Amino acid sequence: MRVAMIGTGYVGLVSGTCFSEFGHTVVCVDKNPDRIGSLQRGEIPIFEPGLEDLVARNVRAGRLSFTQDIKAAVNKADAVFIAVGTPSRRGDGEADLSYVYAAAREIAESISHYTLVVTKSTVPVGTGRQVERIIRETRPDAEFEVASNPEFLREGAAIEDFMRPDRVVCGAESDRARELLRQLYRPLYLNETPILFTALETAELIKYAANAFLATKITFINEIADLCERVNVNVQDVARGIGLDGRIGGKFLHAGPGYGGSCFPKDTQALVATGRKFEAPLRIVETVVEINDLRKRRMAEKVIEACGGSARGKTVAVLGLTFKPETDDMRDSPSLEILPALQAAGATIRAFDPEGMTEAKKLLQDVVWCEDSYDAAKDADALVIITEWNQFRALDLGRLKDLLKQPVLVDLRNIYKPADMRQAGFSYYSVGRPAVKP
């Protein structure tokens, strides 16, 4: 089948590339000439494990190409996916749909035969109907349908998630549209992947509900972690104890500095805004958003407490800046709250991240950027782990202790065992577990 993917951001590029790996002919479209030029040269603008090789293979096979010419791409496509950004709108938290609607108008002007227009972007309930209205008003003669196919891709594992998903959700309301989507995802039938067909609005809400539930789960275990610290209990034991219950499950029960990234913050805010719009307030989700914002600032206070109650004149080494490992995405990362708060308290920051420093340098000022973990630790009063990159899981503790002014480690991801840190002679502070003193 022939596919046009409008938008070459994270979702569009990964989805378009994976569709081409399925054997479809895919043209990815973007208005940014620099981005298209980079992609045509084989330069991938995001860090996602395995993506560069997958793009190269499908470009060589002639199944994947990149262009600024939306008309040519849409004109030949059986399905056109809208995969543009839907950032939070300032002031009210609602999703900014201007890019989606602009894409709909351009698609309308380019349709030449029956075309299925599919929203891949995360959009609030009712967006698909608006896209349909825009296309119909722009081109009353066009033969088309609108469907919703939300993405459930985890940054750092996006290719695996696309190729071997838990489920595929399709909001499609005619036999023709459903059959076209079945053909697009036909390779997944071999793996017996559940493909759920729903009404258009249902698919749109499933995406938001899923992300809000996961964000709630993260926030719940973070609050339990605070209680664990007060009553001298290990939150990891609590998480395992409840996670073994099949009704709860162990995923997303890892206490830490709060959620970030491109999805959870904006999607929870957008869902809250949708609830208010339809006079069905989502009190739980509203509270999750509030608690998560406070959580990141509380982590800076934890670091200051580990520094003896004051960060003034102290040097703090920070390992990990991205919101999670295996990505260079800095959007709403806890580091963007923690580092400025430490600086405001008088600390000097030395930082290192394996992939995120290019983006971090655009967002953080007055930081000493370091070459590796040990360079960051040199002459620091405390070391803080914010992102759980694998290379931080087996640090040479003896070397770190020699480099640090004080053997203080604040582990906001609980990647080390307290007993090991005690044996290594560190003052060790983690999340939801008793502090360790040598």
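The values are calculated or read from the model by the stated rules, or taken from the named source; none is laboratory data. Keep in mind the model is a prediction, meaning the values are calculated, not measured. Cβ placement follows ideal geometry from the backbone for every residue including glycine, while neighbour counts extend to all protein chains displayed.
Worth pointing out:
- Scanning the stretch 129-140 finds no residues that are assigned to a loop (DSSP other than H, G, I, E, B) and either surrounded by 22 or more Cβ atoms within 10 Å (Cβ to Cβ) or in contact with a Phe, Trp or Tyr (Cβ under 7 Å, 6 or more places away or on another chain) (or both).
Rundown of residues vs (1) at pLDDT below 95; (2) outside any helix (DSSP H, G or I); (3) not acidic (Asp, Glu), yes/no style:
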site	(1), (2), (3)
GLU279	no, yes, no
VAL285	no, no, yes
VAL288	no, no, yes
ASN292	no, no, yes
ARG297	yes, no, yes
GLU301	no, no, no
ILE304	no, no, yes
ALA311	no, yes, yes
LEU342	no, no, yes
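- Every condition in (1) under 27 Å from ASP267 (Cα atoms); (2) over 26 Å from the mean Cα position of the chain (by Cα) is met by VAL169 except one, and the failing one is (2).
- Only strands (runs of 3 or more DSSP E) whose full extent lies in the stretch 1-120 are considered here, and the ones with at least 2 residues that are farther than 30 Å from PRO281 by Cα and without any contact (Cβ under 8 Å) to a residue 40 or more places away in the chain are 25-29.
- Qualifying strands (runs of 3 or more DSSP E) (wholly inside the stretch 346-438; at least 3 residues being in contact (Cβ under 8 Å) with a residue 24 or more places away in the chain and aliphatic (A, V, I, L, M)): 382-385, 408-411
- Selected residue (only one of ALA203, ALA212, ALA177 is more than 22 Å from the chain's Cα centre (by Cα) and part of a helix (DSSP H, G or I)): ALA177
- One residue stands out in the stretch 74-128 among those that are farther than 16 Å from ASN149 by Cα and among the polar types (S, T, N, Q): the one that is surrounded by the most Cβ atoms within 10 Å (Cβ to Cβ), namely SER110.
- Those residues of the stretch 169-194 which are at pLDDT below 95 and in contact with a Leu (Cβ under 7 Å, 6 or more places away or on another chain), in sequence order: GLU173
- ILE415, sole failed condition from (1) at pLDDT 95 or above; (2) not assigned by TED's automatic domain parsing to the domain that holds GLY313: (2)
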